[in-house]
Structure formats: structure tokens, C-alpha cells
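See structure below.
The values are calculated or read from the model by the stated rules, or taken from the named source; none is laboratory data. All of these numbers come straight from a predicted model, not from anything done at the bench. Glycine gets a Cβ as well: all are built from the backbone with ideal geometry, and neighbour counts include every protein chain shown. Protein only, heavy atoms only, side chains kept; ligands, DNA and RNA dropped before computing areas. Shrake-Rupley method; radii C 1.70, N 1.55, O 1.52, S 1.80 Å.
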Amino acid sequence: MSFESDKIKQIISRGEGLDVEFKESFDSLSRSVFETICAFLNRKGGHILLGVADNGEVVGVNKDTVQNQLDTLNRDTNNPQIISPTFYLATEVVEVDGKTVIYIYVPESSQPHTYKGVIYDRNGEGDTKLTNQQLITNLYLRKQDGYTENKVFPYLRMEDFETEMFKVARNYARLTRDDHPWLNMTDEEILVSARMRLRDVHTGVEGYTLAAALLFGKENTLAAVLPHYKTDALCRKVDVERYDDRDDIRCNLMGAYSRLLAFIRKHLPDRFYLEGTQRMSIRELIFREMVANLLVHREFSSAYPATMTIYKDVVVTENWNRPYMMGRISLENLKPHPKNPTIANFFKQLGWVEELGSGIRKMYKYCPIYVKDALPVIEEGDVFKLTIRHEPDNGPLNETINDRHDVDKQEDSCFDEDGNLINETINETINDTQSLILNLIKERQGIDRKEISIEIKKTLATVSRYIASLKARNLIEYRGSRKTGGYYLITKRKQDNSK
């Protein structure tokens with residue numbers, strides 16, 4: 001058995017799909033072959049087998065017509081009235097189990113193509129004629145050179161970025177590595193080291209990239225470089241037609257990450273459990289991955305809105321995507337691909353994402369613990385959709401912090417020496433906003449009052465009242481000078497030693 005025959009049998013065993021198409025074409029070349037060629041050029045490329053039935057049976061091509069079919073294929077793919085722009089395709093004639101098969105390999109093209117003036121795209125197992133202008137526009141955007149995040153904006157300056165975000169980046173980087181190089185870098189040096197200042201290979205002009213604007217840009221900066229950019233967080237537990245609560249997020253990705261997590265904490269129940277000796281928040285483990293995925297793996301060139309919607313028993317995120325497959329993703333067919341590698345690496349430096357693919361594995365591990373036997377539903381296409389179940393507010397696993405205001409009750413510290421929650425009675429004594437502040441301080445030890453105000457979208461006066469209440473309970477303390485200090489959790493051990 002020849003190598004070519006083995007290769008053909010391996011392709012047949014996969015069945016028809018996003019990058020595989022079977023055509024019988026016994027006596028003549030089927031005209032639908034050109035629709036598939038156009039669709040494969042416009043999508044991710046693929047394999048066409050002539051002489052194979054839809055069910056994968058090798059029926060063979062009439063040997064007397066092989067050369068005529070090859071001539072027709074070559075002539076028409078080089079005719080701009082048929083395929084435009086024209087494209088040369090490699091072909092092979094292979095014997096499989098004594099029958100003749102014509103193998104056509106179609107690579108992904110860097111340009112959009114038409115067949116007789118019509119644009120075709122590949123969707124699952126079929127070829128789709130594109131007539132919707134938005135879909136056609138998205139196809140052209142998909143064909144832009146390189147990654148969108150690397151687009152250079154030569155007129156961006158350091159004053160277009162939020163200085164405060166560089167401080168936040170250093171604080172998180174310090175938590176991942178005590179000797180992280182960013183700690184001794186200037187703001188400009190951080191951008192250069194993170195590959196967010198590049199030279200445009202087409203023009204030779206150097207400048208800060210879209211990734212820099214997305215991660216550090218002021219709202220006005222983002223509105224200028226990417227006018228359609230926003231992330232919409234909606235709660236539709238009761239009013240499913242409109243919403244119960246909404247956060248229209250147009251700030252940079254670092255701020256968006258914190259605001260989306262705050263929205264999750266506000267509206268979703270939590271559940272703690274022990275993994276070994278470590279007490280963990282399942283809600284945090286799962287939805288950090290969900291939020292990071294929504295922000296990091298989004299195709300920013302499209303105006304399709306990125307959304308996170310909390311329904312009565314599920315949370316759904318949707319964002320525009322550059323798919324590498326179509327359909328449901330499972331651990332068995334998971335093939336991670338970086339969509340925005342620069343942004344993903346930056347989040348990794350902050351400890352907000354892990355290695356490629358590990359986030360999905362983590363969701364598969366912890367979702368059935370959060371809600372019994374409930375696995376995440378991950379659907380990849382032009383729109384990437386992720387669905388995760390949660391318990392309704394009155395469900396048996398609900399351990400969410402109640403919206404109570406009896407803040408005068410004194411309690412021991414709710415955190416142990418490692419910063420882990422240890423006192424479940426906190427649910428009866430602390431309201432939602434105070435809980436947000438505690439979680440924020442836990443994640444970012446040393447955070448100051450202004451940063452807390454920005455993160456939870458409350459005035460400094462309001463934040464000051466909540467902080468005063470938490471300090472009175474001996475839950476947090478201020479360390480450092482007035483200008484450079486911040487708030488820290490008080491651990492149980494420290495509190496015990498102080499008595």
C-alpha cells in the first residue's frame with residue numbers, strides 16, 4: 001500500500017467536515033466542486049476527494065475521464081470569470097483499493113474569493129453562499145494580514161494610556177514572580193518587552209499596537225482606534241426581554257476584567273469546597289476562566305458585540321471569533337490556537353490565564369462541582385459561545401452573600417493566614433459591596449482607596465464608609481505611608497496574636 005493511499009484513507013476516515021469534502025464525479029467534474037474550492041479558500045483550506053461518495057465509500061473515478069477532469073479543473077480555476085482571484089491548485093491521482101481517486105488540496109487563501117461572482121464560505125459539512133453584507137464584511141476582515149492585535153498606530157503616545165494600569169500590572173506581576181522584570185521597568189519599557197511596540201512591515205513605521213491600546217488605553221483612546229469596541233454585561237434573571245442589571249464596559253481590558261468579575265460576584269451564588277487542605281471558591285475558578293476567555297480570544301476587528309449574560313440558571317458569553325473548527329468543543333477534540341497571543345501572554349504574566357487549553361480543562365473539572373454533573377458547553381464558529389450552568393438564587397448550593405446591612409455585628413476575621421475564607425457566618429453579616437471590597441483586597445494586597453473606587457464603580461466617599469466598617473471589624477488594615485500605602489487582609493493568626 002502506497003503512502004498516498006494511506007493518506008487518502010486517513011482523510012476518508014475523518015468524514016466530511018469543515019476541511020473535508022467528498023464528490024463522486026465518476027464521468028465528469030461536478031460544478032459544485034468549484035463552490036467547495038471557493039469556500040475552502042475563504043475559510044481554512046481543506047481536502048477534496050473525487051471518486052468518494054458522501055458516506056465515505058470509495059466508488060472511483062472513470063479512468064478514461066481523469067485527464068479531462070484535471071484539465072477542466074486547471075482551466076476554470078485559472079479563469080477569473082469562474083474563480084476570482086484565480087488560484088492554482090495541486091492535485092494527485094491515487095489508487096485506493098484498486099479504484100482511482102483524484103485528490104485536490106485547497107490551501108487557505110490570504111484573499112477573499114468568488115465563484116461566478118458569488119462568495120462562498122465553509123460552515124460545518126457544507127458550503128454557504130454569503131449574501132448578508134455583515135458576513136461578507138467579516139470575511140474581508142478575517143483575511144487581513146497577521147493578527148489584528150498587532151496593528152500599529154504610529155500616533156499613539158504614552159499620554160494615551162492609563163498610568164494607573166501600569167501600577168496594577170506591576171502589582172499582579174509581583175504576585176506571580178517576586179523578581180518579575182516588569183518591577184524595574186518604566187511604563188514604556190513594559191510595552192516594548194511585551195511586544196506592544198512594533199514596526200509595521202508594510203510601511204516601516206514604528207508605533208504602539210492595538211494590543212497596547214486595548215490593555216492600557218484610556219476610554220477616549222479606545223474610542224479613537226476601535227470605535228465599535230465594548231463589552232456588555234447583562235443580568236436577565238427576571239426581565240429576560242430587557243435586563244435586571246447592566247454594565248456597559250468600554251474601558252481597557254484590564255479594567256474590563258475586574259468589572260466583569262465584579263458583575264459575576266454581584267449576581268451569582270458562590271460555593272466553597274476543600275481541594276486537599278486548600279479552601280477554594282468554585283465560582284472564582286470557573287468564571288475567571290470564562291471572563292478571561294471572553295476578553296483574550298475575541299476577534300477585535302469585528303463590530304459584533306462581546307456579551308456576558310446571566311440568566312436564571314446559566315451564564316452565556318458570546319464574542320466574534322476566528323474559528324479553527326466548527327461545532328462543539330470537547331476535551332477529546334480540543335486543539336487550542338492562540339487568537340491574540342500578545343494579549344494572552346500579558347494576561348498570563350498577571351496570573352489571569354494559564355497555558356493555552358488549560359482554562360477549558362479547568363472548567364471541565366470544576367463546573368460539575370459548582371452544579372452537579374453540569375459540563376460547560378463550548379461552541380466554536382464565527383461566533384464563539386460558552387455556556388455555564390449555575391444554581392438559581394434559591395437553589396440548594398446557594399451560599400451567596402446576602403444583601404443585609406446589619407454591619408454592627410462583630411466577627412472574627414473571615415480569612416486565614418493564606419488569605420482563604422474560613423468563616424461561613426460572614427454571609428449573615430456582610431453585604432454585597434463589602435464582599436466585593438474584601439475579595440478585591442484579597443486579590444490585590446496593598447490596593448488603595450482610589451483603585452477600589454474605580455473597580456467597584458462607587459464614589460470615594462461610599463468606599464470610605466465601607467472600609468471604615470471593615471476596619472472596625474478587624475477584617476482589614478492599612479499599611480504604609482499615606483501616599484503609597486494600601487489595604488491588606490488581617491489573618492486569623494494575626495488577630496489571635498493581637499488579643
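Can you go through 400, 387 and tell me which one is under 29 Å from the mean Cα position of the chain (by Cα), modelled with pLDDT of 85 or more and hydroxyl-bearing (Ser, Thr, Tyr)? Before the answer, list the steps.
Working: 400 fails: modelled with pLDDT of 85 or more.
From the options 400, 387, the qualifying one is 387.
Matching residues to (1) among the basic types (Lys, Arg); (2) at pLDDT 95 or above; (3) in a loop (DSSP other than H, G, I, E, B); (4) in contact with a Leu (Cβ under 6 Å, 6 or more places away or on another chain):
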residue	(1), (2), (3), (4)
191	no, no, no, no
215	no, yes, no, yes
240	no, no, yes, no
243	no, no, yes, yes
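Within region 324-333, is there a residue that is closer than 21 Å to residue 212 by Cβ and in contact (Cβ under 8 Å) with a residue 24 or more places away in the chain? Spell out how you get there, then give the answer.
Of region 324-333, the ones closer than 21 Å to residue 212 by Cβ are none.
No, region 324-333 contains no residue that is closer than 21 Å to residue 212 by Cβ and in contact (Cβ under 8 Å) with a residue 24 or more places away in the chain.
In contact with a helix residue (DSSP H, G or I) (Cβ under 9 Å, 6 or more places away or on another chain), free of Cβ contacts under 8 Å to residues at least 12 places away in the same chain and either under 22 Å from residue 340 (Cα atoms) or surrounded by fewer than 21 Cβ atoms within 10 Å (Cβ to Cβ) (or both), is that true of residue 169? Give the derivation first.
Working: in contact with a helix residue (DSSP H, G or I) (Cβ under 9 Å, 6 or more places away or on another chain): yes; free of Cβ contacts under 8 Å to residues at least 12 places away in the same chain: no; either under 22 Å from residue 340 (Cα atoms) or surrounded by fewer than 21 Cβ atoms within 10 Å (Cβ to Cβ) (or both): yes.
Taking the combined requirement at face value, the residue does not satisfy it.
For region 50-71, name all the residues that are surrounded by fewer than 23 Cβ atoms within 10 Å (Cβ to Cβ) and assigned to a strand (DSSP E or B).
58
Any residue that is more than 27 Å from residue 39 (Cα to Cα) and surrounded by 19 or more Cβ atoms within 10 Å (Cβ to Cβ) - is there at least one of those in region 175-183? Talk me through it step by step, then tell me what you get.
Initially, region 175-183 is screened for residues more than 27 Å from residue 39 (Cα to Cα), giving 175-183.
Filter again for surrounded by 19 or more Cβ atoms within 10 Å (Cβ to Cβ), leaving 182.
Yes, region 175-183 contains a residue that is more than 27 Å from residue 39 (Cα to Cα) and surrounded by 19 or more Cβ atoms within 10 Å (Cβ to Cβ).
Given the criteria in contact with a Ser or Thr (Cβ under 7 Å, 6 or more places away or on another chain), among the hydrophobic types (A, V, I, L, M, F, W, C) and not in a helix (DSSP H, G or I), does residue 141 qualify? It would help to see each step written out before you state the result.
Details: in contact with a Ser or Thr (Cβ under 7 Å, 6 or more places away or on another chain): yes; among the hydrophobic types (A, V, I, L, M, F, W, C): yes; not in a helix (DSSP H, G or I): no.
So residue 141 fails the test.
Just one of the numbered conditions (1) buried (at least 16 other Cβ atoms within 10 Å of the Cβ); (2) touching a residue at least 40 places away in the same chain (Cβ under 8 Å); (3) at negative phi is not true of residue 164; which one?
Exception for residue 164: condition (1).
Residues that are open to solvent by 10 Å² or more (accessible area, probe 1.4 Å), in contact with a helix residue (DSSP H, G or I) (Cβ under 7 Å, 6 or more places away or on another chain) and farther than 30 Å from residue 137 by Cβ, at least 2 per element: which helices (runs of 4 or more DSSP H) completely within region 276-393 meet that? Working first, answer last.
Values: elements: 282-296, 341-349, 358-370.
So the answer is 282-296, 358-370.
Does residue 460 meet the test of being modelled with pLDDT of 85 or more and among the aliphatic types (A, V, I, L, M)? Before the answer, list the steps.
Working: modelled with pLDDT of 85 or more: no; among the aliphatic types (A, V, I, L, M): yes.
No, not satisfied.
Do you know which residues across region 248-262 are within 14 Å of residue 457 (Cα to Cα) and open to solvent by less than 10 Å² (accessible area, probe 1.4 Å)?
Selection gives 249, 256, 257, 260, 261.
In the list 85, 112, which residue meets the criterion of being in contact (Cβ under 8 Å) with a residue 24 or more places away in the chain, farther than 18 Å from residue 16 by Cα and touching a His at 6+ places or on another chain (Cβ under 8 Å)?
Working: 112 fails: touching a His at 6+ places or on another chain (Cβ under 8 Å).
Answer to the selection: 85.
When the residues of region 89-118 are filtered to those that are hydrophobic (A, V, I, L, M, F, W, C) and open to solvent by 20 Å² or more (accessible area, probe 1.4 Å), which remaining residue is modelled with the highest pLDDT? Walk me through how you get there before you give the answer.
As a first pass, look at region 89-118 and keep what is hydrophobic (A, V, I, L, M, F, W, C): 89-90, 93-94, 96, 101-102, 104, 106, 118.
Filter once more, keeping what is open to solvent by 20 Å² or more (accessible area, probe 1.4 Å): 90, 93, 118.
On the way: 90: 77, 93: 92, 118: 95.
By that ranking, first place goes to 118.
Assuming residue 128 fulfils every condition listed in (1) touching a helix residue (DSSP H, G or I) at 6+ places or on another chain (Cβ under 9 Å); (2) open to solvent by less than 20 Å² (accessible area, probe 1.4 Å) apart from one, which condition is it?
(2)
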